[in-house]
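Only one structure is covered here, and it is reproduced in the block below.
The values are calculated or read from the model by the stated rules, or taken from the named source; none is laboratory data. On a predicted model such as this, the values are computed, not experimentally measured, just so you know. Counting neighbours? That spans all protein chains shown, and the Cβs are built from the backbone with ideal geometry, glycine included.
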Amino acid sequence: MVQQLGLNPAGKVAIFQRQPEPKVFSAGEVIFTDGQAGDYLYGVLEGTVELVVEDKVIEIISLGEVFGAGALIHPDGVRIYTAIARTDCKLAYLDEARMLFAIQETPMFALDVMRNYSERLRRLTKHPLDAKA
């Protein structure tokens, strides 16, 4: 059995709570769009967020999960999906410098971000959200 390493959602939320004042979004509000330059990694403190590609919801992000890191680490720095608040949301955010500091301060944070993206990729390639309906 593989041991689960990493931070639990509360641990990730604690990292985000040490950052600047969270951003608040109302249900239905666009957080960022596909093709937009990405300056922040987001973490969900409250609410849920839809990730949308070609007008299809591909993922629903909730408490303790992160999204938007790809634009910070990919050389082109561009978003590849649209993020929309599914419910009223409170989101913590990290720019590149703060993300690197969080990784230095808590190395397990990097592993959790990678695991989060790996799990998302596995779900999308094996069981797309709209295939569950």
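Checking each residue in region 90-108 for being closer than 23 Å to Phe25 by Cβ and modelled with pLDDT under 80 picks out only Ala102.
In region 18-28, of all residues being in contact with a strand residue (DSSP E or B) (Cβ under 7 Å, 6 or more places away or on another chain) and either over 10 Å from Val49 (Cα atoms) or assigned to a strand (DSSP E or B) (or both), the one that is modelled with the lowest pLDDT corresponds to Gln19.
Within region 37-55, the set of residues being closer than 18 Å to Met99 by Cβ and either touching a Leu at 6+ places or on another chain (Cβ under 7 Å) or not aliphatic (A, V, I, L, M) (or both) comprises Gly38, Asp39, Tyr40, Leu41, Tyr42, Gly43, Val44, Leu45. Listed by first and then second residue, the pairs linking a residue in region 107-133 that is more than 25 Å from Asp55 (Cβ to Cβ) to a residue that is surrounded by 15 or more Cβ atoms within 10 Å (Cβ to Cβ) and modelled with pLDDT of 75 or more, with Cβ atoms under 7 Å apart and 6 or more places separating them unless they lie on different chains, are Phe109/Ala102; Phe109/Ile103; Ala110/Ile103; Val113/Val66; Val113/Ala69.
Restricting the first member to region 35-60 and to residues that are at positive phi, and the second to residues that are among the β-branched types (Val, Ile, Thr) and in a loop (DSSP other than H, G, I, E, B), the beta-carbon pairs closer than 8 Å and six or more apart or on different chains are Gly47/Thr87.
Of these, Leu100, Leu63, Leu72, Leu45, which one is in a loop (DSSP other than H, G, I, E, B) and closer than 22 Å to Glu21 by Cβ? Give the derivation first.
Values: Leu100 fails: in a loop (DSSP other than H, G, I, E, B); Leu72 fails: in a loop (DSSP other than H, G, I, E, B); Leu45 fails: in a loop (DSSP other than H, G, I, E, B).
Residue meeting the stated conditions: Leu63.
Based on what the data block shows, is Gly35 modelled with pLDDT of 90 or more and either crowded, with 17+ Cβ neighbours inside 10 Å or of a type outside the set (D, E, K, R) (or both)? Show your work before the answer.
Working: modelled with pLDDT of 90 or more: yes; either crowded, with 17+ Cβ neighbours inside 10 Å or of a type outside the set (D, E, K, R) (or both): yes.
Against the criterion (modelled with pLDDT of 90 or more and either crowded, with 17+ Cβ neighbours inside 10 Å or of a type outside the set (D, E, K, R) (or both)), Gly35 qualifies.
Of everything in region 48-89 that is at pLDDT below 95 and more than 21 Å from Arg123 (Cβ to Cβ), the residue that is surrounded by the fewest Cβ atoms within 10 Å (Cβ to Cβ) is Pro75.
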